[in-house]
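**Q** Below is a structure I'd like to ask you about.
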């Protein structure tokens with residue numbers, strides 16, 4: 001329904017990386033911020049949230065992250081730690097990387113939503 005991209009990685013995989021994380025996907029590189037809730041992601045920005053399954057999800061506030069990033073089920077996304085300057089441009093940052101496959105699915109309606 002929302003187009004969030006669930007990864008097969010949990011927050012424990014990136015706990016020591018800080019607030020910002022680099023995403024590498026199909027030749028594109030983006031820097032995203034970790035967020036405590038979906039609503040705390042600024043409008044139009046990409047965030048990384050721990051979902052109800054305890055897994056990391058890439059999301060965009062009130063938009064589809066799947067559409068924004070052009071990703072689909074099984075596409076590879078690599079998460080990388082940024083270096084202390086915030087750009088993560090050195091080879092050392094690639095040693096601190098987690099590659100995850102994307103899972104995209106519709107969220108079942110909650111009891112308070114009409115079917």
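What follows draws every value from the coordinates through simple rules; no lab data is involved. Model, not experiment: these values are computed from the prediction. Cβ coordinates were reconstructed from backbone atoms using ideal geometry, including for glycine residues, and neighbour counts include every protein chain displayed.
**Q** When you look at residue 21, is it assigned to a strand (DSSP E or B) and either without any contact (Cβ under 8 Å) to a residue 12 or more places away in the chain or closer than 14 Å to residue 81 by Cβ (or both), yes or no?
**A** yes
To keep it simple, each residue is scored yes or no on (1) closer than 21 Å to residue 75 by Cα; (2) surrounded by fewer than 15 Cβ atoms within 10 Å (Cβ to Cβ).
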residue: 8; (1), (2): yes, yes
residue: 23; (1), (2): yes, no
residue: 33; (1), (2): yes, no
residue: 40; (1), (2): no, yes
residue: 43; (1), (2): no, yes
residue: 48; (1), (2): yes, no
residue: 53; (1), (2): yes, yes
residue: 56; (1), (2): yes, no
residue: 59; (1), (2): yes, no
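**Q** Quick test for you: out of 39, 44, 3, pick the one residue that is outside any strand (DSSP E or B) and in contact with a helix residue (DSSP H, G or I) (Cβ under 7 Å, 6 or more places away or on another chain).
**A** Selected residue: 3, the only one of 39, 44, 3 that is outside any strand (DSSP E or B) and in contact with a helix residue (DSSP H, G or I) (Cβ under 7 Å, 6 or more places away or on another chain).
**Q** Identify all residues within region 20-29 that are under 17 Å from residue 4 (Cα atoms) and more than 10 Å from the chain's Cα centre (by Cα); write none if there are none.
**A** Within region 20-29, 24, 25 meet the criteria.
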